[in-house]
Amino acid sequence: MFDLSSLNKEQKEAVETTEGAVLVIAGAGTGKTRVLTSRVAYIVSKGLCSINEILAVTFTNKAAKEMKERALSLLEQSDCVFLNKESLWIGTFHSLALRMIRPFHDKFRRTANFSIIDADDQLRLIKKIIKELGMDDKKYTPKQMAFYINRWKDRCQCPEEVRKTVLRFSVEEAASKVFRPYQDTLEAFDVIDFGDILKISVDIFKYNETVLASYQDKFKYIMVDEYQDTNVAQYIWLTLLSKKHGNICCVGDDDQSIYSWRGADVGNILRFDHDFKNPVVIRLGQNYRSTKNIINAASGLIANNSMRMKKDFWTDGEAGLPIIVKALHDPVSEAKFTAALIENKRSAGIAFNDMTILVRAAFQTRAFEERFLMNGIPYAVIGGIRFYERKEVKDAIAYLKLDVNKDDGIAFERIVNFPKRGIGAATIGKLFEAARNENISISAAASRIANSKLNELLRKIDEWHSEIDFLSPSDLMKKILAESGYIQALQDKKTIENTARLEILDELVNALREFDDVYSFLEYINLVLDNSSSAVQDKVTISTIHAAKGLEYHTVFIPGFEENIIPHPKSISEKGEVGIEEERRLCYVAITRAKKEAYITLCNKRNMYGNHDFAQYVAPSRFLYDFPKGSVKIL
């Protein structure tokens, strides 16, 4: 018989409550993976069903692999016999749904060998359709159109439904016009995209009762990890599959719902008791990760959210240190303070790998990266790219390199048609061919080609070059980014990615303020890029909060605890109070990554969002006032 003695009371209840609908509210570090895997092993060992009759679903391949391996290990320890491992139904939503629909390819008009296109192929196809429809692909970009199409698929909406609801003359209306021809092209090419997988699965279930019934009969027990991150399509898919037996166990934490921008609907977990008949709700409140002070601080913070399920969150662990809050003068001081602490902790025996800096916005990483390079602290950027290796930064630096040396062919090739100037591949090919054949510089070859756009770019480069010794590096960079059209090109395409790129370029301008001239900056950049690759395995992690969910560290640093960083102004302007609550959940997730120590830092002054001329005084984050007394200490 399967041994449950290592589980606490609530974990054991969650494992043993096998019948009906069960919602396990699992706070951070409370052992949710342990519960899910133990539940699989328990059900099989009790003889309630075969392991092949359990559908266990999660979001990432890594989590699915871990769940499968741990469940099988527990079963082997219990001397259970099970079928071929390859026939297990433990995986991600998309991998399992794809496996379900492939035998029924004829029901969505595909051959048995249909393919799935990736995001790049999707954008290329959408761009082609935009042109065929005679639409302006600068005003209605492929990324914009793909965003809306993917969102509609996540909601299980078809093109005809969408056309009835979109506002006239809106970007959404333009996307709705692309939607139908895009779907028709997918069918003609015998492919589907990533968003189709769940929607097609739901459609097959809705309109083919025998197919749905076969899967309902097969899966006697359904288990779902990270239920708070499900979207509409995933929710419908699960409810349809679980209707016959009604044995569905969902594990999640509404306080860790931070992916609304990806389509996740926290309402799915909040409405569980209305969506499923007589559900049992079990709360895992005992945290095995963090100290009492960290847990008290996180609990007091998140209690200020109104849209949440009430729960106790506690630990038997040591009290530990309070969360340290430190206000610094500016981002440079903030990075210096953090680096010094990291070095002290490394000297005390804490590995670099067990320390992390969690940022809300990508532009925040620059000051830390530069300080770490200066101090020789090895680091890795997780869920993102190193600051000086980002495309927009490398583009801007290429412009500066041309100001110093207008014959720099590598820099010229990088920026000659970005932003787009109508300088086609044929013209660029002739340009480089002439430079090679006549052994002349790129700029000399370009001056011989009769192309007004190219000549205008050369004139601009000469103009910027003439100002290199008269303008400060930051002012010159601002001028180049404005006059080249680079900033305008990003502003014209209003996407989440472009908003982040504009923030990054603002930070680059701020970085240039620290240099007396362009030459010293470019020399510094060469050293930075030369040191960017390292074989050292023990590194401090710099990560966005979103990318750190599910991870844990001995020590966590949360910088930029200021208004207009966290909470981010975009969340507030677009979602109001709902956005503020999600930002508070982000803070909660960041703090609960810490096992022993957490440090919150903020600046008194910061250059923000395009205001490069002077540093602004900034206000502390409103979330600082949410922490209960005694759980934080202000230095």
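The values are calculated or read from the model by the stated rules, or taken from the named source; none is laboratory data. Everything numeric in this text was worked out from a predicted model, so none of it was measured. Counting neighbours? That spans all protein chains shown, and the Cβs are built from the backbone with ideal geometry, glycine included. Areas reflect the complete protein model, heavy atoms only, side chains present, ligands, DNA and RNA absent. Shrake-Rupley method; radii C 1.70, N 1.55, O 1.52, S 1.80 Å.
Observations
- On a per residue basis, region 1-155 carries 48 Å² of accessible surface, using protein heavy atoms and a 1.4 Å probe.
- Nearest-20 debye value, region 322-368 charge dipole, Cβ charges on Lys, Arg, Asp, Glu: 40
- Computed label-point distance, nm, for sites ASP492 and ARG155 using a 7 Å Cα→Cβ extension: 2.9
- 26 Å Cα-Cα threshold exceeded, pairs from LYS595/LYS629; LYS65/LYS218; LYS65/LYS199; LYS128/LYS479: LYS128/LYS479
- Near the amide H of ARG283, within less than 5 Å, lie the amide hydrogens of ILE25, all on another chain or at least 5 residues away, with H placed in the peptide plane.
- Cβ-defined net charge surrounding LYS12, 15 Å radius [Lys, Arg +1; Asp, Glu -1]: +2
- Region 409-505: GluC sites (Glu not before Pro) in DSSP coil with no more than 16 other Cβ atoms inside 10 Å: GLU438, GLU467
- The aspartates and glutamates within cross-link reach of LYS460, meaning a Cα-to-Cα straight distance under 12 Å and a gap of 8 or more places when in the same chain, are ASP403, GLU483.
- For the chain, a crude dipole built from +1 on the beta carbon of Lys and Arg and -1 on the beta carbon of Asp and Glu, taken about the Cα centre, is about 1180 debye to the nearest 20.
- In the context of the full set of protein chains, residues of region 265-337 present 47 Å² of accessible surface per residue (probe radius 1.4 Å, heavy atoms only).
- Exceeding the 31 Å Cα-Cα cut-off - candidates LYS131/LYS453; LYS9/LYS46; LYS32/LYS243; LYS12/LYS575: LYS12/LYS575
- Descending semi-axes in whole angstrom, ellipsoid equivalent of region 479-603, from the Cα gyration tensor: 29, 24, 13
- The stretch between VAL280 and LYS394 holds 35.6 nm of extra length on full extension. This uses 0.36 nm per residue minus the Cα-Cα distance.
- Within the chain, longest stretch clear of exposed chymotrypsin sites (Phe, Trp or Tyr not before Pro) (DSSP loop, no more than 10 other Cβ within 10 Å): 170-469
- In region 501-606, the trypsin sites (Lys or Arg not before Pro) that fall in loop regions by DSSP, at most 16 other Cβ within 10 Å: ARG513
- Under 5 Å, built H, 5+ apart or other chain: amide partners of TYR221: LEU55
- Charge dipole magnitude, Cβ of K and R +1, D and E -1 - region 28-179, Cα centre, debye nearest 20: 360
- With the convex hull of its Cα atoms as the shape, region 179-292 has an orientation-averaged projected area of 9.9 nm².
- Residues whose amide H falls under 5 Å from that of ILE323, counting only those 5 or more places apart or on a different chain, are VAL632, LYS633, with hydrogens built in the peptide plane.
- In Hz, Karplus ³J(HN,Hα) per residue of region 411-423 (6.51, -1.76, 1.60; θ = phi - 60°; x = Gly, Pro): 5, 5, 4, 5, 10, 4, 10, 9, x, 4, 10, x, 8
- Options (1) 3, 14, 21, 23, 21, 13, 5, 1, 0; (2) 3, 17, 28, 27, 16, 6, 2, 0; (3) 3, 15, 25, 27, 19, 9, 3, 0, 0 - which one matches P(r) over Cα pairs in 10 Å bins from 0, in percent as calculated here: (1)
- Shown for the chain: the carbon plus sulfur share of the solvent-accessible area, taken with all protein chains present and a 1.4 angstrom probe, equals 51%.
- Couplings 3J(HN,Hα) for region 254-267, derived from phi with the Karplus relation 6.51 cos²θ - 1.76 cosθ + 1.60 (θ = phi - 60°), are 4, 6, 10, 7, 10, 10, 4, 5, 9, x, 5, 10, 4, x Hz, where x marks Gly and Pro.
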